[in-house]
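The values are calculated or read from the model by the stated rules, or taken from the named source; none is laboratory data. Worth saying up front: this structure is predicted, and the values here are computed from it rather than measured. Ideal geometry is used to build each Cβ from the backbone, glycine not excepted, and the neighbour counts take in all protein chains shown. Just the protein is used for accessible areas: all its heavy atoms, side chains included, with ligands, DNA and RNA removed. Shrake-Rupley method; radii C 1.70, N 1.55, O 1.52, S 1.80 Å.
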Amino acid sequence: MGDHALPGRPPVALTLRKSARARRISLRISQLDGRVTLTYPQGVPEAEALSFARTKEGWIRQHLQDRPDPAVVQFGQSIPVEGVERRIVPASGRRVQLHGDEIAVPEGAEARRLARFLKELARDRLTGACDDYAAMLGQSYSSLTIRDTRSRWGSCSSAGGLMFSWRLILAPPEILHYVAAHEVAHLVEMNHSRAFWEQVERIFGDYRTQRRWLRDNGAVLHQYRFDAAVS
């Protein structure tokens, strides 16, 4: 790994990553923090990779400009929960509660409390969805982990371990269910072949609208900033 920057106003920081698995030079911009990663194969000189990045400077800057501005989670602000905008208000009790278009959070470390609530709500919804979809396929998974991932909404390991971004709880329920079906389908097909997508459609139905929604709106789910304790 190495750090460089594209000159200009402002300069754009680049994280360089040499990979034995890479077959070509590629650029990725993190939806979470805007980090620009330049990946290149072992046999490609660093100077060539940097030259490639310079040819893509316009694309990089446009992508960074189009990213939603970070939104600090605090009282009075709204945040989507299961696709419904809810205003964050002080709670009268000691628990986080949903009330129509409001979410009541106890005062004191409210961002941390809210993040913990959303994470557990995501775990509950994803566990239910994965249990249902796995049963439809006659499969079982070995574990379900919730994280705040930078580049993917979910994954399935060869050992049957499922992982999801807890920020899916901010999206409409059908988006969360699509990602759950997608990863559960990998229990049968560990690839993205036609056979895999047939399994997704078998248990979820037509997934194209949900897949497009994530591509077009996924960055918005990453704009909400909680405290650093959330992982």
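Rounded to the nearest 20 debye, the dipole magnitude of the chain is 720 debye, with +1 charges on Lys and Arg beta carbons, -1 on Asp and Glu beta carbons, and the Cα centre as origin. Overall size of the range 1-85 from C-alpha positions, given as principal axis extents largest first: 52, 31, 19 Å. Shape class of the range 71-131 from the Cα gyration tensor (axes a ≥ b ≥ c, square roots of the eigenvalues): prolate, since a/c reaches 1.5 or more and a/b is larger than b/c.
Given the peptides 21-27, 196-202, arrange them by the average over their residues of other C-beta atoms within 10 Å, most packed first.
By packing density, highest mean first, the sequence is 196-202, 21-27.
Annotation: extensible slack from SER19 through SER157 equals 47.6 nm (criterion: 0.36 nm per residue apart, minus Cα-Cα distance).
If you roll a 1.4 angstrom probe over the protein chains with everything in place, what fraction of the accessible area of the range 87-180 belongs to carbon and sulfur, to the nearest %?
Values: 1940 of 4520 Å².
It is 43 percent, rounded to a whole number.
Ordering ALA22, ALA49, HIS63 by Cα displacement along the dipole of the chain toward the positive end leaves ALA49 in first place; charges were set at the Cβ atoms of Lys, Arg (+1) and Asp, Glu (-1). Most tightly packed first, judged by the mean number of other beta-carbon atoms within 10 Å of their residues, the peptides 159-165, 11-17 read 159-165, 11-17. Annotation for the range 41-82 versus the range 125-140: alpha-carbon center distance of 34 Å.
Taking the Cα centre of the range 67-175 as origin and assigning +1 to Lys and Arg Cβ atoms and -1 to Asp and Glu Cβ atoms, the resulting dipole is close to 420 debye. Ranked by the mean number of other Cβ atoms within 10 Å per residue, highest first, peptides 36-42, 212-218, 166-172, 4-10 order as 166-172, 36-42, 212-218, 4-10.
Between PHE52 and MET136, residue separation times 0.36 nm minus the direct Cα-Cα distance comes to 25.6 nm. Computed on protein heavy atoms with a 1.4 Å probe, the accessible areas place LYS18, LYS119 in the order LYS18, LYS119, largest first.
Counting only DSSP beta bridges with both residues in the chain, the antiparallel share comes to about 55 percent. In terms of the Cα gyration tensor, with a ≥ b ≥ c the square roots of its eigenvalues, is the chain rounded because a/c is under 1.5, prolate because a/b exceeds b/c, or oblate? Oblate shape, in that a/c is at least 1.5 and b/c is the bigger or equal ratio.
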